[in-house]
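Please read the structure below before turning to the comments.
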Amino acid sequence: MAIKRTIREQVITELRHELVSGDYSAGEVLREAEMANRFGVSRGPIRDAFLQLSQEGFLAYQANRGVTVRPPPQPEDRPFILSLRRQIETHCIQRGLARLSDASLAAIETGLNDLEQACAAGDVAAIARDDMAFHQAILHGCGGDDFIQAWRQLCSRMLLAYTRLDDHRQIFDEHAAILDAVRRRDVEQALAALRSNLA
């Protein structure tokens, strides 16, 4: 049976999708009243969505301006952000891959299937979303829940400048290589595949 999402979750998902797709300009002001009217909901779910997406790094509260769309990271900052993300994922894989459960592996495999479908459809926002979900499933399976909030912030910053969308097959193949190593609980190969993906 399909699980119904709350109004709040639907608003968050749609706004996140639009932000990743580049539907808003950096620095653009988002107003509760306008969004509530657009979605046909009260201001409560909009306020919750703004808070959630601010915590994820997509939006920012600015004095006397309200909620604005965060700009993508400066080009010179991107390698540093990427290195922090890679360190978190590397640490979790090294620490927990050997103890990965079959249930966690199934969740990672589902993530890859979702990513494959997004790549086949050429859906930019879905590719970015499913890419992130795949990696998060690995972190969770390897016992890295304590790091996920910080990791999501780093990912969100990178997603605002998601540029690896010209070769969907390559994106899928890189993640398939990660999964292949994860299935075998091969730490070194998993890290090698991760480095190739997060280059």
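What the table below lists for this structure:
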{"item": "Residue that is aliphatic (A, V, I, L, M) and touching a Ser or Thr at 6+ places or on another chain (Cβ under 8 Å), where the choices are Ala107, Ala36, Ala98, Ala49", "result": "Ala36"}
{"item": "Qualifying positions in the range 139-163 - over 11 Å from the mean Cα position of the chain (by Cα), surrounded by 21 or more Cβ atoms within 10 Å (Cβ to Cβ) and more than 11 Å from Ile88 (Cβ to Cβ)", "result": "Gly141"}
{"item": "Test: residue in the range 108-122 that is touching a helix residue (DSSP H, G or I) at 6+ places or on another chain (Cβ under 6 Å) and within 22 Å of Pro73 (Cβ to Cβ)", "result": "no"}
{"item": "Residue match in the range 71-88 (condition: part of a loop (DSSP other than H, G, I, E, B) and at pLDDT 90 or above)", "result": "yes"}
{"item": "Hits in the range 51-69 - residues which are touching a helix residue (DSSP H, G or I) at 6+ places or on another chain (Cβ under 7 Å) and not in a loop (DSSP other than H, G, I, E, B)", "result": "Gln52, Leu53, Leu59, Ala60, Tyr61, Val67, Val69"}
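The values are calculated or read from the model by the stated rules, or taken from the named source; none is laboratory data. These numbers were taken from a predicted model, which means no experiment stands behind them. Here the Cβ is made from the backbone with ideal geometry for all residues, glycine too, and neighbour counts use every protein chain on show.
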